[in-house]
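For reference, the structure is listed below as structure tokens.
The values are calculated or read from the model by the stated rules, or taken from the named source; none is laboratory data. All figures in this text were calculated on a predicted structure; none of them were measured in a lab. For neighbour counting, all protein chains shown are included, and Cβ atoms are generated from backbone atoms with ideal geometry for every residue, glycine included.
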Amino acid sequence: MSAASLPQADARVSPEDFKQRSHESLHDAHLRQSFRGAMDFLVERRALQFPDLQAFNTLRKLGENVRQHALAQLPDLLERLEARLTELGVAVHWAETPADANRIFLDIARRHAATLMVKGKSMVSEEIGLNHEMAAHGVECIETDMGEYILQLDGDRPSHIIMPAIHKTKEDVAAIFHEHIDGAPLSDDVNELIAIGRRALREKFASAKIGVSGVNFMVAETGTLALVENEGNGRLCTSVPDVHVAITGLEKVVDRLEHVLPLYALLPKSATGQAVTTYLNLITGPRRAGEKDGPREMHLILLDNGRTQAYREARFRATLQCIRCGACMNHCPVYTRVGGLSYGTTYPGPIGAIISPHLMGLQSTRDLPTASSLCGACGDVCPVGIPIPDMLMKLREAGRHSVAESITPPAQALVGQGSVRRAGEVLAWRAWRVLYSHAALYRLFAWLAPRLRWLTPAWQGGWTASRAALKPAPRSLREQLARRRAGRTVPGR
């Protein structure tokens, strides 16, 4: 299948349509049932890995300290990382935007006359739309993670950052393989389906000139890139092709190799309920003299895409602690009911609600911080202690305060800050301030409101979407108390 004929996910999906898609998802019984079962399974698996709450809290505090230590000296660590990687023969590229990152990929592909890339699981590559961009220039970029491969064949998008095809049943997968893979039978046997997918992918590894991967952790001390996976496709992508291109967000760096250990101890347990993953790949440079495998050329692309904005604002910096385990999604009552596709973002669920505004601007993602019950489950299970509910509240506040009203310098302001403000809402709050600042006006309002209650509108914005309209009582409390003191009967009693 050529790059031109490869099915592509709908690039027009936007978080601005979150409410409409959520409403549709809530009425999709098949999706609700599939997601509920999968989420319950993951929650139970995680609980089995952390039976001792005190032990979990101790390990989580260590992981939080590692991430905060790295973020506290992020610029210095990135410079040290670049210097160490350069010594090892790795070309380091800095990309401020997704367009910059895609240009770097295309330049590398053209330099090697590559028409095929094999890609391991990478949410950052999803973030920049790598597959679409490469296909537009005649370069086929094949997903080799089984879940991502299924979605790519179907022209669909990931609904979870760890298990991207969690919204597909085995019957769905059988139909997709039968349609897109020559000779694939309609089978509901999971092992057979996996074997079909692996056979189809095996030849791609051997013929691709470029392998693409994400990065879980980068070590400034040694220049090591750590990749965590279960299928072995990541190891093939980074060792079989002659060129390996890794892409990641610039926040994934840690100081020393020993700092990877507590994060690795937390990641698989939180993500899939495993004590360890099948593969932990530690890559330190391209193939050296005398070595029989590994890439002959290696690149690392460090993507910003709004991350420095989150870094500069102290109130949002904790967002960058994330190690992308997905535990917050699995425990979120909103995500588990509407699914990941409703969000219209690369990163759905609670973590998506706090990081997407920095990547895409607050105007287009304004509904995501309010897509939360604020039950606190996401914060309770976060393995690196991100106070997600607090972050959600701060983003809600940022959406209602313009840059001029913020203490943050305009140069550091969140893109789209103040975009949730509405002229009517601003006017209403100003009127409220005046009313409650003048006793005479307040008394007049209290006297008029019960007498003009018949003017109360039936529609009161979001309040009446699921509640009865608010209407003043026939008599104010002050009037009722006055009548009682006078010995009169209060109406209605």
Quick one: which residue in G120, G138, G89 is touching a Lys or Arg at 6+ places or on another chain (Cβ under 9 Å) and farther than 12 Å from I247 by Cβ? G89
Criterion (modelled with pLDDT under 95, hydrophobic (A, V, I, L, M, F, W, C) and either assigned to a loop (DSSP other than H, G, I, E, B) or touching a Phe, Trp or Tyr at 6+ places or on another chain (Cβ under 9 Å) (or both)) met by exactly one of A404, A353, A398: A398
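To keep it simple, each residue is scored yes or no on (1) surrounded by 20 or more Cβ atoms within 10 Å (Cβ to Cβ); (2) closer than 28 Å to I354 by Cβ; (3) aliphatic (A, V, I, L, M); (4) in contact with a His (Cβ under 9 Å, 6 or more places away or on another chain).
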site: Y264; (1), (2), (3), (4): no, yes, no, no
site: A271; (1), (2), (3), (4): yes, yes, yes, no
site: T278; (1), (2), (3), (4): no, no, no, no
site: M298; (1), (2), (3), (4): yes, no, yes, yes
site: L303; (1), (2), (3), (4): yes, yes, yes, no
site: A310; (1), (2), (3), (4): yes, yes, yes, yes
site: F316; (1), (2), (3), (4): yes, yes, no, yes
site: C322; (1), (2), (3), (4): yes, yes, no, no
Criterion first (under 19 Å from F316 (Cβ atoms) and either modelled with pLDDT of 95 or more or acidic (D, E) (or both)) does L85 satisfy it? no
Out of all the residues in the range 205-214, which are farther than 18 Å from R287 by Cα and surrounded by fewer than 22 Cβ atoms within 10 Å (Cβ to Cβ)? S207
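This table checks each residue for (1) surrounded by 12 or more Cβ atoms within 10 Å (Cβ to Cβ); (2) at pLDDT 90 or above; (3) under 30 Å from H23 (Cα atoms).
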| site | (1), (2), (3) |
| --- | --- |
| Q460 | yes, no, yes |
| W463 | no, no, yes |
| S476 | yes, no, no |
| Q480 | yes, no, no |
| A486 | no, no, no |
Residue selected from the range 98-143 under the condition among the β-branched types (V, I, T) and farther than 27 Å from T222 by Cα, by the criterion nearest to the chain's Cα centre (by Cα): I128
Among the residues that make up the range 254-263, is at least one of them in a helix (DSSP H, G or I) and over 24 Å from the mean Cα position of the chain (by Cα)? yes
Tabulated pairs, the range 434-453, first within 14 Å of P472 (Cβ to Cβ), second of a type in the set (D, E) and in a helix (DSSP H, G or I), C-beta under 8 angstrom, 6+ apart or interchain: P450/E479
Checked against (1) touching a residue at least 24 places away in the same chain (Cβ under 8 Å); (2) among the charged types (D, E, K, R); (3) more than 23 Å from Q321 (Cβ to Cβ), K252 satisfies every condition except (3)
Any chance the range 216-227 includes a residue that's under 27 Å from N330 (Cα atoms), aliphatic (A, V, I, L, M) and without any contact (Cβ under 8 Å) to a residue 24 or more places away in the chain? no
